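Data first, discussion second: the structure below is written as structure tokens.
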């Protein structure tokens, strides 16, 4: 069956999705594009070979497809997604799922009541090198993992998109909007968290209503530590997007800019002032393919779930668990205490 997609919201993410959807031409065709600003919708339509019709109200576009890709500002996720589910559409919703737990639960209830698929667009879960890194950790190929660190460094000002700066519309700050990807990945790779801390700052990101720079440290039930550093204020970068998993027999590195998976091993015991020697192996070299965000693989998985009726890997239940971790980290930071993450119920897939 070839599906017809309704693309709702035509900002930067929608344009990225539209370019990559051509890889699924045998399974998917965009039936309509929607944005409050018709010129934005038209720009996305012009990128597509079939030039689908343009709408400014998503309600008018719902008859043009059976599946929806919802790419709206965070505070609009819940109402639009629920409307689409109630209209019988399957929905791939941009992250984060919604700005409050109540909204998330209402979206999940609408999906269940209408027997529709609701999937969260955590595209990094579908990157082949991230998936391989998780396999190596889970199967202990290089022994137990005792530390997983994830860096994301970028400059995100978006002066022309004021909702990105407003904590009420964004749902929080840099951690909630972008770091939710990496909290999700840590839960997916390491399992149940026990406790954690969040230390954040607006320094040098004055355009942000909440934090522009975020540091998260967590302890997991298996004894592994997790660390995430993210900033929207980087004026220079060395690591860019980089994952480091320290294991008993070496350190696995995923370098997203290089699109490579490395193993760093055979390091000798540290002796002060002695030259360090560590061998580097390329486990997978995807450099020729470029730093693919894997939105095409994500969409293919969504369509598989629609066709089969099975629940997606990036389920709303898993997404809500990750957001609850972030909300508890925020609250603990405000109250100057350690976050109690053990109290947050985790889906079986994270346990």
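Any read-out appearing in this document is the output of simple, stated calculations on the displayed coordinates, not a laboratory observation. Keep in mind that this is a model prediction, so the values were computed, not measured. Every residue, glycine among them, receives a Cβ derived from its backbone with ideal geometry; neighbour counts consider all protein chains shown.
Below are the figures for this structure:
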| item | result |
| --- | --- |
| Candidates 59, 74, 127: whichever shows maximal mean-square fluctuation once the chain is modelled as a Gaussian network with Cα springs under 10 Å | 59 |
| Over the chain: helical MRE at 222 nm, DSSP H runs n ≥ 4 each giving -39500 (n - 2.57), nearest 500 | -9000 deg cm²/dmol |
| Where labels lie 7 Å past Cα in the beta-carbon direction, separation of residue 235 and residue 349 in nm | 4.2 nm |
| Estimated FRET transfer efficiency when R0 is 51 angstrom, pair residue 26-residue 279 (beta carbons, to 0.05) | 0.70 |
| DSSP bridge orientation in the chain - percent antiparallel, rounded to nearest 5 | 60 percent |
| C-alpha long axis of helix 77-86 to longest principal axis of the chain, angle in ° | 50 degrees |
| Length gained when the stretch residue 168-residue 268 is fully extended (0.36 nm per residue, less Cα-Cα span) | 31.0 nm |
| Förster radius 30 Å - calculated FRET efficiency between residue 260 and residue 310, Cβ distance, rounded to 0.05 | 0.40 |
| Identified option (computed Rg and Dmax of the Cα atoms in Å; candidates [x] 21.6, 68; [y] 20.7, 70; [z] 20.2, 57) | [y] |
| Most mobile of 70, 174, 147 in a GNM of the chain (Cα contacts under 10 Å) | 147 |
| For segment 246-300 and segment 113-148, distance of Cα centres in Å | 17 Å |
| Gain upon complete extension [residue 155, residue 19; 0.36 nm per residue less C-alpha separation] | 46.6 nm |
